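Asks: A single structure is presented below for examination.
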């Protein structure tokens, strides 16, 4: 694009005092953007297919196979063999809920081809506050996904190598730091790169299922006794608790609906097929593993995951066992990495909507939302340390936020069909309504059953997040009103300016500061705060010898600081005028030298920035 120059001439006209205003010429220059480099033939960016969509968007759901069945077994094992005999029925109930969710999210994909996350659906159909609840549930979901995925991956690793069991927390934190660092560096994930580990993992799970079903007796495997518990708990409450624990396996079902624009045309059909394929694969794997759990009478063993026991029972302790375990570790690490793409994007959207600090919408030179990445890494690290790297302590927290998001998304879709009333809207409304009812009940059951196991934390965190985002939004509304957003301000007017230069000593730094101040205006005042133990006579003598032809004001030390006396002097002596304070400071080289300066300038700036009519100018003198 050629250089564009627009000149606006305002004709001279008599002023109010008979003077003529000078002709005003504003020149607006728009520099051309750098033309994009031509793409090579065949280098056009392609969207996701069904297979690459599954690999890139369903890692959370696929990875849940490693901890979902174990969460069920941990609950049912408290009732001994009778309880473990209910593993398949509980898993079938979860699979039925999965089928309803998949059918419901197919409708979300059709209705929101630009991305149908719970936040977007709620914002359009359920109001601002409900959308914040959805956003809070997504934030909790993303953070817990990182913590649970890493903890589950390390559990699979320590199951294969028992000697590492004592270093669980350190391994979890090392993986977390590595994943966070890669995302801060802007290493982008690729759905095609995820295909191989996803295929290996899914093939390994199916190999375990088929191999286990074909075995009449399990391979040699260490068995353990069921956890001791009250056998009288066998009944509806136990089954509900097992169901609520196993529902953690449903996380990630909504991911495809959130990323419909990423698919190739026809996007909606491809995304819907990927959603169905995800539901089918996840359902078959969950049911197949549940059948093997009952067949081999698998019980929880300290230091060994249920998936590790099933793999060893079906394939033995050979190469096949290690392939499945390493594939599980890798897939769980990749599943954790997907949150680093989701949460920073969500926080950027919330920041654009004035619900989070705007710094969450600022990218680094590598196009990374660093504040979102760092927030995710730090909070996930706190959870891992608090849980001591135990995935079973984190899984009970997982399903609540997931089901809150599910329920809000389905309720929003009910409102959507009621308002649009397109062809077939009645059965679509009924489907989403049934899904909202089921997920709402599941959220209540999960909260009630897991409340004392840590769900109380989520019950507190979700309202706290919503309240915090509401307060941030109100604060930005007040700031916007003060800035006069949307209105044309009055013409700027020049006012008298006083330039104040704090001087600590007669030196080259003082010369630089005064030179800069004299370049700004004529009314320059140098101020010096007489600190305890200082020789005022020696300073005055040095100033008189220098004689810089700038008025000097000596200030008494009133509070053992520099900032207080200078701020008081500026406030009391230049009423009705614009004040400019020039602060000169040494800019030391990079490294430990930065701790050497006294940082009195920081103290001074903290006092001055409270004064709205004062401009603070920093003059940094570099030391080579």
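The values are calculated or read from the model by the stated rules, or taken from the named source; none is laboratory data. Note that this is a predicted model, so its numbers are computed, not measured. Cβ atoms come from the backbone with ideal geometry, glycine included; neighbour counts cover every protein chain shown.
Asks: Are any of the residues in region 470-477 in the same structural domain as residue 250 (by TED's automatic domain parsing), surrounded by fewer than 16 Cβ atoms within 10 Å (Cβ to Cβ), closer than 23 Å to residue 403 by Cβ and at pLDDT below 85?
Replies: Within region 470-477, none of the residues are in the same structural domain as residue 250 (by TED's automatic domain parsing), surrounded by fewer than 16 Cβ atoms within 10 Å (Cβ to Cβ), closer than 23 Å to residue 403 by Cβ and at pLDDT below 85.
Asks: What pairs can you find where one residue is in region 444-472 and more than 17 Å from residue 139 (Cα to Cα), the other is modelled with pLDDT under 85 and loosely packed, with under 13 Cβ neighbours inside 10 Å, and their Cβ atoms are less than 7 Å apart, with a gap of 6+ or different chains?
Replies: If the second residue must be modelled with pLDDT under 85 and loosely packed, with under 13 Cβ neighbours inside 10 Å, no pairs are left.
Here's the yes/no breakdown for (1) more than 22 Å from residue 618 (Cβ to Cβ); (2) assigned by TED's automatic domain parsing to the domain that holds residue 584; (3) part of a helix (DSSP H, G or I); (4) out of contact with any strand residue (DSSP E or B) (no Cβ under 9 Å at 6 or more places or on another chain):
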position: 512; (1), (2), (3), (4): no, yes, yes, no
position: 527; (1), (2), (3), (4): no, yes, no, no
position: 532; (1), (2), (3), (4): yes, yes, no, yes
position: 542; (1), (2), (3), (4): yes, yes, yes, yes
position: 548; (1), (2), (3), (4): no, yes, no, no
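Asks: Which members of region 515-541 meet the condition of being surrounded by fewer than 14 Cβ atoms within 10 Å (Cβ to Cβ) and touching a residue at least 24 places away in the same chain (Cβ under 8 Å)?
Replies: Passing the criteria: 521, 532.
Asks: Looking at (1) within 30 Å of residue 93 (Cα to Cα); (2) modelled with pLDDT of 80 or more, can you tell me which one residue 455 breaks?
Replies: Residue 455 satisfies every listed condition except (2).
Asks: Kindly indicate whether residue 291 is buried (at least 20 other Cβ atoms within 10 Å of the Cβ), touching a residue at least 24 places away in the same chain (Cβ under 8 Å) and assigned by TED's automatic domain parsing to the domain that holds residue 87.
Replies: The answer is no for residue 291.
Asks: Now for a different question. Looking at region 350-370, can you tell me whether even one residue there is in contact (Cβ under 8 Å) with a residue 12 or more places away in the chain, more than 18 Å from the chain's Cα centre (by Cα) and surrounded by 21 or more Cβ atoms within 10 Å (Cβ to Cβ)?
Replies: Scanning region 350-370 turns up no residue that is in contact (Cβ under 8 Å) with a residue 12 or more places away in the chain, more than 18 Å from the chain's Cα centre (by Cα) and surrounded by 21 or more Cβ atoms within 10 Å (Cβ to Cβ).
Asks: Anything in region 168-187 that is loosely packed, with under 14 Cβ neighbours inside 10 Å and closer than 27 Å to residue 312 by Cα? List them, or say none.
Replies: 170
Asks: Now for a separate question. Out of 376, 397, 384, I need the residue that is crowded, with 22+ Cβ neighbours inside 10 Å, under 20 Å from residue 74 (Cβ atoms) and modelled with pLDDT of 85 or more. Which one?
Replies: Exactly one of 376, 397, 384 is crowded, with 22+ Cβ neighbours inside 10 Å, under 20 Å from residue 74 (Cβ atoms) and modelled with pLDDT of 85 or more, namely 384.
Asks: Write out, first by first residue and then by second, each pair whose Cβ atoms fall under 6 Å of each other, whose residues are 6+ apart or on separate chains, and whose first residue, in region 371-394, is without any contact (Cβ under 8 Å) to a residue 40 or more places away in the chain while the second is buried (at least 23 other Cβ atoms within 10 Å of the Cβ).
Replies: Sorted first by the residue in region 371-394, then by its partner, the pairs are 372/343; 372/344; 372/347.
Asks: Of all residues in region 160-179, which are free of Cβ contacts under 8 Å to residues at least 60 places away in the same chain and more than 16 Å from residue 330 (Cα to Cα)?
Replies: 163, 164, 166, 167, 170
Asks: Could you check region 255-280 and list, in sequence order, the residues that are at pLDDT 80 or above and part of a loop (DSSP other than H, G, I, E, B)?
Replies: Within region 255-280, 264, 265, 266 qualify.
Asks: Output the qualifying pairs, or none if there are none: Cβ atoms under 8 angstrom, residues six or more apart or on different chains, first residue in region 185-213 and under 21 Å from residue 284 (Cα atoms) and outside the structural domain of residue 338 (by TED's automatic domain parsing), second residue surrounded by 13 or more Cβ atoms within 10 Å (Cβ to Cβ) and at pLDDT below 85.
Replies: none
Asks: Checking the conditions here, which among 578, 571, 600 is farther than 17 Å from residue 499 by Cβ, surrounded by 13 or more Cβ atoms within 10 Å (Cβ to Cβ) and either touching a helix residue (DSSP H, G or I) at 6+ places or on another chain (Cβ under 9 Å) or modelled with pLDDT of 80 or more (or both)?
Replies: Numbers: 578 fails: farther than 17 Å from residue 499 by Cβ; 571 fails: farther than 17 Å from residue 499 by Cβ.
Among 578, 571, 600, only 600 is farther than 17 Å from residue 499 by Cβ, surrounded by 13 or more Cβ atoms within 10 Å (Cβ to Cβ) and either touching a helix residue (DSSP H, G or I) at 6+ places or on another chain (Cβ under 9 Å) or modelled with pLDDT of 80 or more (or both).
Asks: Please find, among 89, 69, 113, the residue that is surrounded by fewer than 17 Cβ atoms within 10 Å (Cβ to Cβ), modelled with pLDDT of 85 or more and assigned by TED's automatic domain parsing to the domain that holds residue 205.
Replies: The conditions single out 89.
Asks: What's the number of the only condition in (1) buried (at least 18 other Cβ atoms within 10 Å of the Cβ); (2) in a helix (DSSP H, G or I); (3) out of contact with any strand residue (DSSP E or B) (no Cβ under 9 Å at 6 or more places or on another chain) that residue 426 fails to meet?
Replies: All conditions pass for residue 426, except number (1).
Asks: State yes or no: is residue 105 in the same structural domain as residue 351 (by TED's automatic domain parsing) and at pLDDT below 85?
Replies: yes
Asks: Also, I was wondering about something else. Residue by residue through region 259-273, note down the ones that are closer than 14 Å to residue 104 by Cα and in contact with a strand residue (DSSP E or B) (Cβ under 9 Å, 6 or more places away or on another chain).
Replies: The answer is 271, and nothing else.
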